[in-house]
1. Rule-of-thumb check for segment 55-107: C-alpha Rg over 2.2 N^0.38 Å?
2. Just grab the label-to-label distance for A31 and A53, each label 7 Å out from Cα along the Cβ direction, in nm (one decimal).
Amino acid sequence: MTVPSPCPSCLAPREPGESCPNGCRSEAVRAKAAKTRRRYGPVYRRIKRALVASPLPCVWQLPGCTGTATTPDHEGGQLVPACAACNNARAQAAAAIARGITYVRGL
């Protein structure tokens, strides 16, 4: 027997793993997209569009690198071209270091 859990938005009962019967999931997705737009301003979005339009080589070349930059990566207050794999690997390494893990395989 599963216990219904409330929707985080409207508190309507729902089965675990199911979307809200009132459709709040789509509202949550829209809210997350709006938050991302606010977080990354027009300068960042313009740089990202330029990277996708004329791909540059990824500056990191970490294991699993695709070689072609598709996203700007933050490095020392600057935005540098990076592939998604390297950008994600660096973000995971930074999060691990913040949690006190000192060794990340592959980096």
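1. Values: Rg = 11.2 Å, N = 53, 2.2 N^0.38 = 9.9 Å.
My calculation over the Cα atoms of segment 55-107 gives 1.12.
2. Spacing of the two 7 Å Cα→Cβ label points: 3.5 nm.
Every read-out reported here was derived from the displayed coordinates using simple, explicitly stated rules and does not represent laboratory data. As the structure is a computational prediction, the values presented were derived from the model and not from experiment. Cβ coordinates were reconstructed from backbone atoms using ideal geometry, including for glycine residues, and neighbour counts include every protein chain displayed.
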